[in-house]
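All remarks here apply to the structure that follows.
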């Protein structure tokens, strides 16, 4: 049995790999720090090391240097998992015996294929086409499942949900599972059960707070005939399921239901925790450049963020929010300016879009972008919080909806949350 050592401060990732990799016949040893990892590397002499790029107690280069000094560990192949890194760092690390560098958040199929190649052990993966996305909007967790149900990606959802629960400090969130364009059959029963088990376990929510949007009679019947899922409500239209979610959220809150979904203003305590990495990572000092491997460090350094808003103050606020992480922000005064800029549209990584603007408003802009085949995520910035407005934005594929006034910390957190779900 091949032995794999995982050195990563994130308890979520260590737990995930410790549970997942044995399914493919690997023995897994985990370590939360560089020092402990080096000790285990020498004592256990694994066949492969998976090393995170950000370690608080010792650097990656120190681990690599110490590894190369010991005759029993020098030849062990190593996979580095990393957030964004500059080319000079990558070239320097590549000369220290790293065999593969994988970007975080990890895609389990890519990781397993890399392990298979390095260790010469065949790994069979579920090849069912499947897209799973997860994001948060005001303590409502949205999970979108498309194409099909894939075992590996369903299990990877556990890691994504744990990440979001910690990032947003959620306790008992409402959950919407969108399966509107997905055909489910009896053959998918085990995967379907696994999906909802993971949703309930990782969100720690009650079944009655989980809603499902689907037209599948099989899904409806399956949930209705399994005791643990019977209280999950199933609807066949977005309006119905949002009414149910908004009703649950508004109950006892003292707020009108139409304001719940779109409200994005967190309390002060949650804002202060924005720079926390899940697991044991250290909090970044205010104003410090985020370290590689943190959630902010995962933002691509060559990204182009675009903001379309006729308010110059908003434009400057968005620019300021990302100035210390090296993200270029390009501003436009209205939708027409943006859609006419072919280079800006083609390079755009993330769009911040106002709804009320002269010449071309936000909805007209989204319609134009849709006809152009643009696929980058959109975060709406608006003072409008009417239920109808939010639902219309969701129908255009908007990933998040932020109500003005805006705060830099919130914009940064929303950008990270949207990009890690891609």
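The values are calculated or read from the model by the stated rules, or taken from the named source; none is laboratory data. Remember, it's a predicted structure, so these values are computed and weren't measured experimentally. A quick note on method: Cβ atoms are made from the backbone with ideal geometry, for glycine too, and the neighbour counts reach across all protein chains shown.
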Apart from one, (1) within 17 Å of residue 20 (Cα to Cα); (2) touching a helix residue (DSSP H, G or I) at 6+ places or on another chain (Cβ under 9 Å) all hold for residue 168; the odd one out is (1)
With respect to residue 172, is the statement that it is buried (at least 20 other Cβ atoms within 10 Å of the Cβ) and either more than 13 Å from the chain's Cα centre (by Cα) or assigned by TED's automatic domain parsing to the domain that holds residue 107 (or both) true? no
Considering only segment 200-216, I want to know if a residue exists there that is surrounded by fewer than 13 Cβ atoms within 10 Å (Cβ to Cβ) and free of Cβ contacts under 8 Å to residues at least 24 places away in the same chain. no
Can you tell me which of 96, 20 is more than 20 Å from the chain's Cα centre (by Cα) and either surrounded by 14 or more Cβ atoms within 10 Å (Cβ to Cβ) or assigned to a loop (DSSP other than H, G, I, E, B) (or both)? 96
For the condition more than 18 Å from residue 144 (Cβ to Cβ), within 21 Å of the chain's Cα centre (by Cα) and assigned to a helix (DSSP H, G or I), what is the one hit in 228, 201, 187? 201
If I ask for residues that are closer than 16 Å to residue 333 by Cβ and not in a strand (DSSP E or B), which ones from segment 301-320 would you list? 309, 310, 311, 312, 313, 314, 315, 316, 317, 318, 319
Return the total of residues in segment 348-360 being closer than 14 Å to residue 337 by Cβ, part of a loop (DSSP other than H, G, I, E, B) and at pLDDT 90 or above. 2
Take residue 125 and tell me if it is outside the structural domain of residue 212 (by TED's automatic domain parsing), in contact (Cβ under 8 Å) with a residue 24 or more places away in the chain and farther than 27 Å from residue 211 by Cα. yes
Cβ-Cβ below 6 Å, separation at least six or inter-chain, first residue in segment 106-118 and in contact (Cβ under 8 Å) with a residue 12 or more places away in the chain, second assigned to a helix (DSSP H, G or I): which pairs? 108/152; 108/156; 109/152
Test: residue in segment 62-78 that is part of a strand (DSSP E or B), surrounded by 19 or more Cβ atoms within 10 Å (Cβ to Cβ) and in contact with a strand residue (DSSP E or B) (Cβ under 8 Å, 6 or more places away or on another chain): yes
Of the residues that make up segment 88-102, is at least one under 23 Å from residue 167 (Cβ atoms) and at pLDDT below 90? yes
Which of the residues spanning segment 202-221 are in contact with a helix residue (DSSP H, G or I) (Cβ under 8 Å, 6 or more places away or on another chain) and either over 25 Å from residue 159 (Cα atoms) or outside the structural domain of residue 183 (by TED's automatic domain parsing) (or both)? 218
